[in-house]
Structure formats: C-alpha cells, structure tokens
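In what follows, a single structure is set out as structure tokens and then discussed.
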Amino acid sequence: MTVLLGDPVLAELRQILGPEHVLTGRADRLNRTRVPAPFPVHRWAERMPDLVVLPASTEEVAEVLRLADSLRIPVVPRDGGTGLTDGAVPLRGGIVVDVKRINQIKEIDLDNRTCTVGTGINALKLNEVLGRHGLIYPDDPASYPCSLVGGRIGTSGWSLIGSRYGHTRDLVLSFDHVLPGGRVIHVGDGIGRKITKSSSGYQLKHLFMGHQGTLGIASEATLKLFPKPEAEFSPFWAFEDYDSAYRAVGALARAGVATFAGAVLFDEWKVDYLRRDDEAYIPQPSSVKALVCAALYGYEDEVRAGGRRLLRIARSLGARYLGDEISEGDWAARHDRYATPLHGRTRSGQVVPMSWHCEDASINYTNLPAVRLAWHEIADRLRRESDVFDDWGMFAYTNGATGADYLTEIDIGIWEQRLDDAAWEAWVRAKRDLAAVTLAHGGSISACHGSCRAGEVDLVPEELGGGYDVMLAIKRAIDPNNIMNPGKYLLDQAYAEKS
Amino acid sequence: MKYRYQDEMSPPPARRVTDVAITRFEHVFEVEPALMTDHVTQQDFPNWDTLRLVRSRADHLAWMHRHFADKVLSGEELLHDLDE
Ligand SMILES: Cc1cc2nc3c(=O)[nH]c(=O)nc-3n(C[C@H](O)[C@H](O)[C@H](O)COP(=O)(O)OP(=O)(O)OC[C@H]3O[C@@H](n4cnc5c(N)ncnc54)[C@H](O)[C@@H]3O)c2cc1C
C-alpha cells in the first residue's frame with residue numbers, strides 16, 4: 001500500500017493521534033527501515049514504511065489497529081529498533097507503530113515487588129528509578145541501554161544474568177496486548193496482573209511473547225522486581241586451550257552456586273579477534289587461547305562465598321585469573337556491546353569499517369565443541385569468498401543455572417557499504433547453513449533474537465515440525481487479514497488456502 | 001592549565017606491542033598505522049583528547065556497574081583468601 005498525503009487514512013490517523021504524532025517525512029521513515037543487523041544498504045528503499053505513528057496509550061494503539069485492519073494496511077510494531085532478526089523492518093510498507101511514547105512508569109508496588117510500565121520504556125532508565133527503592137528489574141541484554149520493554153516482549157529476549165533471575169519471559173508477569181482488530185486483552189498467568197503462577201486455562205503469555213509483532217502489540221506490562229544486589233563479582237580467566245576452558249565453563253555452571261548469574265566461554269577465534277582489536281586483550285600473551293568469565297550477584301556475604309567456590313573450581317581446571325581490571329571492565333562492557341570496535345580487517349590486514357552481526361542459537365553443552373568447528377568452517381568460507389566478511393569468533397553463554405544449554409553466538413563483521421547482491425546471497429546462504437548445523441545438533445535456531453531473517457527462516461518449519469502448522473493456524477485465527485508484520489516467519493502461507 | 005598546540009599534537013613515541021598494534025600511552029593501544037592507509041585513514045588527535053576518551057570509557061563502565069550492584073568484589077582479594 002502507498003499512503004498519499006491527503007489520503008483519508010492520514011486524516012483519520014491525525015485525528016486519533018494528533019498531527020504531530022503522524023510522521024510522513026522521508027528521514028522519519030528512513031530511520032525506521034532498518035535495525036542493526038547487516039542490511040543490503042543498496043536496497044534500503046525496499047523497506048521503507050509509508051508512515052510512522054507514535055501513539056501514547058493502549059487506546060490509541062487499539063484505534064490505529066482497528067483502522068489498519070479495516071483497510072488491510074500492514075502494521076509493523078517498533079520499539080528500540082535493536083532487534084537482530086529484522087522483526088521491526090517493514091517488508092510491505094504500511095504503518096510503523098513506534099511505541100516509544102508509551103514509556104511511563106504507572107506503578108511501583110513495593111509490597112508485591114512489581115512495577116507496571118508502558119512498553120516504550122528502557123530497563124536502564126527504569127532501573128535508575130527502581131534503584132531509589134533498592135530494587136532492580138534484571139532483564140539485561142547486551143543492548144541494555146537501547147532495547148525497550150515492548151521489543152523484549154516481541155522477541156522474548158535473553159538476559160546476560162538470566163541464569164540467576166530468569167529471562168524476559170520469566171520477568172514479564174503480564175501485559176495489555178492489542179490484537180490486530182483492535183481488541184485489547186490482558187495476558188499473563190491466568191488473568192492476574194501480578195500473578196507469577198497460574199494453572200487456569202491455556203498459558204497465553206508465551207504465545208504473545210516472541211511473535212515478532214505478528215500477533216499484535218503489547219502496550220503496558222507488569223514486571224517482576226528483585227532487591228538490587230549489594231555485590232557483584234565477575235571473574236575472567238585465561239586458558240591455554242579451548243578444551244580446558246570448555247571443561248571449566250561446564251563445571252562452573254553445574255556447581256549449583258545460588259548467586260551464579262551466568263558464565264561465558266570465548267573460543268580461540270574470539271581470542272584471536274580480541275587480541276587483534278580489543279584494548280583489554282592486545283597485551284595478552286599468545287599462550288592464551290580461550291577465556292571464561294562468570295558473574296555472581298547478591299548480598300556480599302553470599303557472593304564472597306560463591307565467588308571463592310568458583311575461583312577454586314576454575315583454578316583446579318587450569319585457569320589463570322586475568323586480574324580485577326579486565327574482569328570488572330569487560331563485564332561492565334557486556335551490558336553495552338555497541339562499544340565493540342566496529343572495524344574489521346581485509347585479508348591483507350587493512351582496517352575497514354564493519355558492522356557487527358551475531359548469529360545465535362541454543363546449543364546443549366555437549367554439542368558446543370562440534371557446533372563451534374562447523375560454524376567456523378562456514379565463516380571461513382565467507383571470508384575466503386570476500387573481504388566483506390570477517391570472523392570475529394564465538395561466545396557461548398549459559399542459558400540457565402544448571403548448564404544444560406548455551407546461547408551460542410558467532411560474531412561476523414560485515415562491510416555493509418560493499419554488500420552487493422552477490423555478497424548478500426553468500427551471507428544468506430551462510431545463515432541457512434549455520435541454522436542447519438544447529439538443527440543437526442539438536443539445538444534451536446535462536447536463543448535470543450528470533451529466527452525470521454532471510455536464510456535461517458527457511459528452516460523454522462523444519463525446527464518446529466507439526467508445531468509450525470499450529471503456528472500457521474494461530475496466525476490465521478488471530479490476524480485474519482494478515483496486517484501484523486506481514487512477510488515474517490513465512491506466515492503468508494497461513495493465507496494460501498484462503499486466497 | 002597551559003595548552004600548547006604543538007605539544008598536544010605531538011604524541012609520545014610509539015612502541016610496538018604486537019604485529020598489528022602499537023602503544024603511546026599506558027594501557028592505550030592503536031592500530032599499527034601501516035594498516036590504516038587504504039580504506040580508513042588515521043586522524044590526528046590531540047593527546048588530551050585521546051586520554052579523555054579512555055577516561056570517559058572508564059567512567060562509563062563504573063556508571064554501568066552501579067546500575068547492577070552497590071559494590072564490585074575484587075577477585076585478587078578473594079584469591080588471596082583462598083591461599084591463606
Ligand atoms: C548490541 C546489541 C546487543 C544485543 N544483545 C542482546 C541480548 O543480549 N539479548 C537479547 O535478547 N537480544 C539482544 N539483542 C537484540 C535486541 O536488542 C533484542 O532482540 C531486543 O529484545 C529488541 O528490543 P527493541 O526494543 O529494540 O525491539 P525492536 O527491534 O523495535 O523490535 C523487536 C521485535 O519486537 C516487535 N515489537 C516491538 N515492540 C513491540 C510491542 N510493543 N509489542 C509486540 N511486538 C513488538 C517488533 O515488531 C520486532 O519484531 C542485541 C542487539 C544489539 C544491537
């Protein structure tokens with residue numbers, strides 16, 4: 001659809017939202033055509049929305065969706081715009097509903113330890129207010145300063161300290177959700193706003209999280225709060241080979257320390273990259289081949305006791321503590337990965353501007369070594385084909401406190417300005433191959449970002465099997481006119497029979 | 001405080017750290033200049049600005065820590081406890 005200025009649609013939207021909250025300018029739309037995932041910049045125009053609206057309340061979101069549904073206009077929800085699976089990127093033009101103005105803190109309930117917020121708020125900003133009450137909302141992605149609660153719901157995000165506090169799905173108790181036709185429902189455990197466990201009816205909360213805006217828009221959410229930790233401990237250790245580091249990360253995760261909030265394994269390629277381009281690691285001796293870090297949070301006495309236990313375990317497995325400066329600095333930097341040096345190298349070593357891209361999957365502990373080798377082979381192929389790609393190594397982060405599975409990511413630098421159709425095709429093929437390796441090892445294509453980008457999305461039906469057919473049926477039932485984020489997750493198939 | 005343009009624009013001599021990095025100030029590393037000639041070229045930076053950038057990053061990280069906990073424990077100290 002193309003909305004022309006003067007269209008009755010525009011007039012109606014201006015009536016609903018006020019003229020200043022309906023944006024049609026080219027810059028306003030261009031800024032909302034992409035996310036930080038690599039993007040064929042020469043094809044920017046294909047992803048332009050026709051207009052952007054900035055509602056201020058659930059009621060306004062509902063009115064916008066009612067209008068869009070009646071006229072069959074595509075709608076794409078957008079919050080921080082940091083999603084790495086292109087969820088907030090319009091594929092069919094239409095209206096981008098940018099929810100950033102719905103960012104109020106409506107209530108802080110100190111007795112039930114919850115707060116209720118507009119989904120346009122960011123956890124960093126929220127925590128600055130909660131900190132005054134000695135509380136924290138511990139949803140902590142590496143995009144902590146810039147992703148927002150609605151996007152965390154839309155992606156069902158993953159948190160760095162989720163092994164202690166849970167991930168977005170555990171931390172969001174309930175929310176107001178606007179269905180594609182404009183009806184507002186409240187989803188949570190049962191109907192309660194602040195209920196953390198219910199067995200009443202279907203468990204709809206999970207359905208309306210992680211759908212990448214294909215089932216409607218969350219506008220107000222009630223979140224679970226924790227006491228703000230008194231102490232943090234984030235040791236980093238060096239190892240002389242990957243296998244020792246791999247054994248150590250497993251042992252740390254399985255140790256059962258109550259304040260354990262997560263551990264991360266850095267492989268040899270990651271260490272090579274860091275030694276090349278990261279201040280903290282440039283001076284490390286070449287005998288350092290792999291790294292592990294862990295993070296603990298809680299009261300000081302608990303963290304001290306847990307910390308000593310983890311230090312003992314790491315030492316018994318050949319770890320060398322890297323010192324307080326790296327440990328403290330690098331852990332804090334995990335909360336704002338935008339500071340990653342955004343340059344890569346050509347094969348001859350020349351510096352080139354590159355954007356960071358991370359392909360993620362959930363992989364069981366026992367399959368990490370094999371997936372790592374297979375993934376680097378794919379990255380190596382890309383690197384051999386072109387200077388557009390640079391292998392920046394892999395991380396594996398614990399998903400939970402028992403160490404069963406890991407958010408496994410390979411970071412690839414991409415020289416976007418040089419992405420032409422051929423390089424883009426090579427990239428999409430590589431993404432499909434990475435996802436295939438994941439499935440061959442019993443993993444899930446994404447632990448954190450979602451899997452609706454070109455390449456990996458082709459394998460989602462294979463991953464979900466019969467569940468994918470259920471997904472199609474649900475999409476058709478909830479969004480009969482396919483207005484919500486059309487084109488994502490191959491969900492157009494849901495309407496094939498109908499048309 | 002005195003500001004002498006010439007002094008500020010003359011960084012201390014470089015010392016090679018690895019085959020791709022050099023250093024001029026303690027704990028501050030730069031890409032080997034020969035590797036920044038084709039696609040991205042190096043800029044001249046006054047010394048104070050280089051140091052300011054490094055310090056503000058440290059301030060930022062300290063600020064980030066404060067969002068998550070009141071205190072950061074020292075591993076060196078805990079290791080010392082283990083050895084006792
Ligand atoms: C440097 C960096 C580090 C990252 N690290 C992590 C990490 O550690 N963990 C992690 O989980 N992710 C991470 N990400 C990815 C990204 O930050 C998350 O996916 C985040 O949840 C997206 O939030 P957002 O507000 O930016 O959402 P957006 O990108 O705006 O939207 C994401 C998806 O949700 C939908 N959506 C947006 N708002 C709503 C709403 N109100 N209701 C329903 N659907 C909605 C959109 O349509 C889209 O499909 C990282 C990204 C970057 C750039």
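Restricting to segment B:1-52, name every residue that is in contact with a Phe, Trp or Tyr (Cβ under 9 Å, 6 or more places away or on another chain) and away from chain A (no Cβ under 11 Å).
Once the filter is applied, which keeps residues that are in contact with a Phe, Trp or Tyr (Cβ under 9 Å, 6 or more places away or on another chain) and away from chain A (no Cβ under 11 Å), segment B:1-52 yields B:Y3, B:E8, B:M9, B:P11, B:P12, B:P46, B:N47, B:W48, B:T50, B:L51.
So is A:V292 without any contact (Cβ under 8 Å) to a residue 60 or more places away in the chain, part of a strand (DSSP E or B) and within 14 Å of chain B (Cβ to nearest Cβ) or not?
yes
Here is a list: A:V52, A:V22. Which entry is open to solvent by less than 40 Å² (accessible area, probe 1.4 Å) and within 16 Å of the ligand (Cβ to nearest atom)?
From the options A:V52, A:V22, the qualifying one is A:V52.
List the number of the failed condition for A:R169; all other conditions in (1) surrounded by 23 or more Cβ atoms within 10 Å (Cβ to Cβ); (2) away from chain B (no Cβ under 13 Å) hold.
(1)
Return the only residue of A:V64, A:V35, A:V117 being away from chain B (no Cβ under 14 Å), of a type outside the set (D, E) and within 10 Å of the ligand (Cβ to nearest atom).
Criteria check complete, one pass: A:V35.
Within segment A:228-241, which residues are within 8 Å of another protein chain (Cβ to nearest Cβ) and open to solvent by 10 Å² or more (accessible area, probe 1.4 Å)?
Selection gives A:K228, A:E230.
Given the residues A:V271, A:V264, which is the only one that is within 16 Å of A:A295 (Cβ to Cβ), touching a residue at least 12 places away in the same chain (Cβ under 8 Å), buried (at least 20 other Cβ atoms within 10 Å of the Cβ) and among the β-branched types (V, I, T)?
A:V264 is the lone residue from the list that is within 16 Å of A:A295 (Cβ to Cβ), touching a residue at least 12 places away in the same chain (Cβ under 8 Å), buried (at least 20 other Cβ atoms within 10 Å of the Cβ) and among the β-branched types (V, I, T).
Mind listing just one residue for me: the one in segment A:217-227 that is in contact with a Gly (Cβ under 9 Å, 6 or more places away or on another chain) and surrounded by 21 or more Cβ atoms within 10 Å (Cβ to Cβ) and, of those, nearest to the other protein chains (Cβ to nearest Cβ)?
A:A221
Are there helices (runs of 4 or more DSSP H) fully within chain B with at least 2 residues that are more than 30 Å from A:A231 (Cβ to Cβ), of a type in the set (S, T, N, Q) and open to solvent by less than 80 Å² (accessible area, probe 1.4 Å)? List them. Please lay out each step first, then the result.
Numbers: elements: B:5-8, B:47-68, B:75-83.
Hits in chain B: B:47-68.
Can you find, within segment A:38-49, the residue that is nearest to the other protein chains (Cβ to nearest Cβ) among those that are away from the ligand (no atom under 15 Å from the Cβ) and under 19 Å from A:V388 (Cα atoms)?
Applying the filter and picking the extreme gives A:V41.
For a quick check of your reading: which strands (runs of 3 or more DSSP E) sit entirely within segment A:85-134 and have at least 2 residues that are open to solvent by 10 Å² or more (accessible area, probe 1.4 Å) and over 26 Å from A:N485 (Cβ atoms)?
So the answer is A:105-109.
Show me the strands (runs of 3 or more DSSP E) found entirely inside segment A:339-395 where at least 3 residues are more than 14 Å from chain B (Cβ to nearest Cβ) and buried (at least 22 other Cβ atoms within 10 Å of the Cβ).
Working: elements: A:343-345, A:351-353, A:355-364.
The strands (runs of 3 or more DSSP E) meeting that bar are A:355-364.
It is to be established whether one or more residues within segment A:293-312 are farther than 27 Å from A:N364 by Cα and within 24 Å of the chain's Cα centre (by Cα).
So far as segment A:293-312 goes, no, none of its residues is farther than 27 Å from A:N364 by Cα and within 24 Å of the chain's Cα centre (by Cα).
All but one of (1) in a helix (DSSP H, G or I); (2) modelled with pLDDT of 95 or more; (3) within 22 Å of A:D380 (Cβ to Cβ) hold for A:T408; which doesn't?
Going through the list (1) in a helix (DSSP H, G or I); (2) modelled with pLDDT of 95 or more; (3) within 22 Å of A:D380 (Cβ to Cβ), A:T408 breaks only (1).
The values are calculated or read from the model by the stated rules, or taken from the named source; none is laboratory data. Just so it is clear, the structure is predicted and the values come from calculations on it, not from any experiment. Cβ: placed from backbone, ideal geometry, glycine included. Neighbour counts: every protein chain shown. Side chains are part of the model used for accessible areas, which takes the heavy atoms of the whole protein and leaves out ligands, DNA and RNA. Shrake-Rupley method; radii C 1.70, N 1.55, O 1.52, S 1.80 Å.
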